[in-house]
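Below is one structure, written out as structure tokens, with a few remarks after it.
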Amino acid sequence: MNPILSCHDIIVDFDGFKALQGVNLDVHHGEIRFLIGPNGAGKTTLLDVICGKTKAADGKVMFQGVDLTKRREHEIVRHGIARKFQNPSVFTELTVFENMELSIKQNRNLFSVMKAKLTADEKDEITAMLERTDLLDRAYDPAGLLSHGQKQWLEIGMQLLQKPEVLLLDEPIAGMTGAEREKTGLFIQEIAEKCAVLIVEHDMDFVRNFAEQVTVMHEGKILCEGSMEEVQQNELVAEVYLGREAKVC
């Protein structure tokens, strides 16, 4: 099966510092793939390149046969790649429903966004997403009153309303309670039924519980890839990720 998203020999150079050194990565439809590795390994930088926030010095990002390398961020979103950053980015003074309403209107121009009324189908879409994110009973509360975990779910829901085919998540469970982490993992599994999910994560328990494929990065390069079990048994990963005598556990 052909990958839906491919990174080919990606190089990112920050004034002589090569944050990414020839990275190759394939993501397939419906896959849950985690990017793990020490701080500074290049994980978030790779997401930045895929979504257009950072431009590669060399290499290509291909999405369903389309070269995204020189596309702008909003163009990449329209092609079908959504990105959620580590910290929730919601309009705290607007209601939960209004946040989702803005998201569903993003493909319209500014004048249309200000004037357009939601259609019955769009209202149904938002209601269904509120149910999926367990926020239906908070629909008309200001988003600023939500817990940290609920804000994360709101933003994921906002991204899903764009109907992406690839969803990029940067540390989605940071700051969550144990129950919220479990709920988020189950939500990601549900999302992957229709959308590939690429996740940067440091919590190994979460990775172990919900990863289908794991890519380990180190110093801007791909160290190894495979199932969590395969990664755990890789001696080089244990050496560079957790210390010479440690195991990924």
Beyond a 22 Å Cα-Cα separation, which of these cross-linked pairs lie in this structure: 60/151; 55/194; 84/163? 60/151; 55/194
Please report how far the C-alpha centroid of the stretch 153-170 lies from that of the stretch 172-238, rounded to the nearest whole angstrom. 17
Long-range alpha-carbon pairs in the chain, meaning those over 25 Å apart, account in percent for 45
Output for the stretch 125-249 (equivalent-ellipsoid semi-axes, sqrt of 5λ from the C-alpha gyration tensor, Å, descending) is 32, 15, 11
Relative to 2.2 N^0.38 Å, what does the C-alpha radius of gyration of the stretch 62-102 come to as a ratio? Two decimals please. 1.53
Report for the stretch 142-225 the percent antiparallel among DSSP-assigned beta bridges with both residues inside it, nearest 5. 45
Search the structure for amide H atoms under 5 Å from the amide H of residue 95, placed 1.01 Å from N in the peptide plane, and list their residues when 5 or more places away or on another chain. 143
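Read the figures in this text as sums done on the coordinates, not as results from a lab. These numbers were taken from a predicted model, which means no experiment stands behind them.
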